[in-house]
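The block underneath contains the structure these notes are about, expressed in structure tokens.
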Amino acid sequence: MALASNLTVSSEPAAPQETRRILTVTGLNHALHDGYTDLIYVLLPVWQAEFGLDYVALALLRSLYNGALAALQMPASRLAQSLGARTVLALGTLLSALGYAVAGASGGLIGLGIGLLLGGAGSSTQHPLASAVIARAYGPGARGPLGTYNFTGDLGKAAVPPLVGFLLTLTGWRHALWVVAAVGLAVALAVGRLLPRDPDSHGTSPGPAARKPPHADGVPAGRTGFRLLVAIGMLDNAARPAFLIYLPFLMQEKGAALTTVGLALSLVFIGGALGKAVCGRIGERLGVTRTVILTETGTAVMILAVIALPLAPVLLLLPVLGVMLNGTSSVLYGTVPELAPGGQVERAFAVFYTWTLGGSALAAPLLYGRLGDAAGPHWAAAAAAATALAAVPLMLALAPALRDGSARRPA
């Protein structure tokens, strides 16, 4: 059962009741997986204290999860062509829950690493497959629902890390992971039961209009534009974890307890969820180019403010930082269909996530982890700010290939 490969496939949308169910189930699944990915940040100080790890080792632990998540995006898409998206999404969620159960049952660092690898492998299924399921269900009107789906991930980021932070005040980190593993099992069952079966699309193919690559006022959105978009996404996605890895330690230096660290991460993720909606609307008014420049510059300024200011004002700034930090990803995600080579949107999403997530998984331990060990968390966080700023010239180079009228209007 082949997945729809193009957002512009000419087909009738599913019935409204079915589309709502699809968006609800895929959104719930997205919230769980993004929460799974980011709860690691709350546990980094705990693991550092228990296992005596340096910053490189902590970044490597995070990269085990994100590296598996990034590397298996395209294999997951190919597997879904044989088993169907619903089956692969349900099995992926089950595997992620199993990974955290293994991590919780581990007696040492090796078991923890194996659990994180399994969790990341399971989470690799949901981004490209859920996007394709939504695109197939909504047909030409999929842009808005895809934005809603993208937003639900930040709801998970805002809910799961503080939940784990609260559980850490009641019990050990291993028991906390068993709780979130049980939640994952329930979501996997919901996906398998409630998500509709894939339609039989064998023998069908998109027409010429569907295969035609998008254009922007006559400017072809070819491979060069898509590669620039991927490069910008890699920088943006590297800056985010490079800062978040060190945020718990910056907060502890300012006198924050573990519950306050969880609150701080929650404030960032709540702001990030808001940023997905706000930056989308700003993008409609200012254009993609100006919006990305605004968010990346704002990210750098806010990171430097978090480094310099005391605890109370930092807590006030963190939601604003979250808006900037995550808002860019929403704008870039929405630009993937416009620049997809050959109009192959599902493949473009898989490639985009593979490179952006994979780049951050490698950069975190090799660059920012070593910098943190050599110079401390302050300089490593400052390097994250510099990484965000590095996306600005690339965005200016990409501007002519976009349907971005603001990029060509006089300032």
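Rule-based calculations on the coordinates, nothing more; no lab input. Remember, it's a predicted structure, so these values are computed and weren't measured experimentally. All Cβ positions, glycine included, derive from the backbone under ideal geometry; neighbour counts span all protein chains shown.
I'd like to know how the stretch 59-164 sits against the 2.2 N^0.38 Å rule of thumb: what's its Cα Rg over that expected value?
1.16
Output the relative contact order of the stretch 12-198, whole-number percent, from Cα pairs under 8 angstrom with separation of 6+ residues.
This gives 41 percent for the stretch 12-198.
Let me check against my output: what whole-number percent is the relative contact order of the stretch 72-176, with C-alpha pairs under 8 Å and at least 6 apart?
Relative contact order for the stretch 72-176 comes out at 27 percent.
Identify the trypsin sites (Lys or Arg not before Pro) of the stretch 25-96 meeting these criteria: DSSP loop state and at most 11 other C-beta atoms within 10 Å of the C-beta.
none
How much length would be gained if the chain were fully extended between Ala71 and Ala312, taking 0.36 nm per residue of separation minus their Cα-Cα distance, in nm to one decimal?
The span from Ala71 to Ala312 would gain 82.8 nm if fully extended.
With no solvent and one equal point scatterer placed on each C-alpha of the stretch 212-402, evaluate the Debye formula and give log10 I(q)/I(0) for q = 0.08, 0.09, 0.20 Å⁻¹, two decimals.
Relative scattering, expressed as log10 I(q)/I(0), comes to -0.26, -0.33, -1.34.
How much length would be gained if the chain were fully extended between Arg78 and Ala397, taking 0.36 nm per residue of separation minus their Cα-Cα distance, in nm to one decimal?
111.6 nm
Reported to two decimal places, what Rg/Rh ratio describes the stretch 5-111 when computed on Cα atoms with Rh from the Kirkwood expression?
Result for the stretch 5-111 is an Rg/Rh of 1.08.
Once you have the Cα-Cα distance between Val179 and Ala305, take 0.36 nm times their residue separation minus that, and quote the gain in nm to one decimal.
Working it through step by step, the gained length comes to 41.8 nm.
If I take all pairs of Cα atoms in the stretch 12-198, what percentage of them are more than 27 Å from each other?
Percentage above 27 Å: 27.
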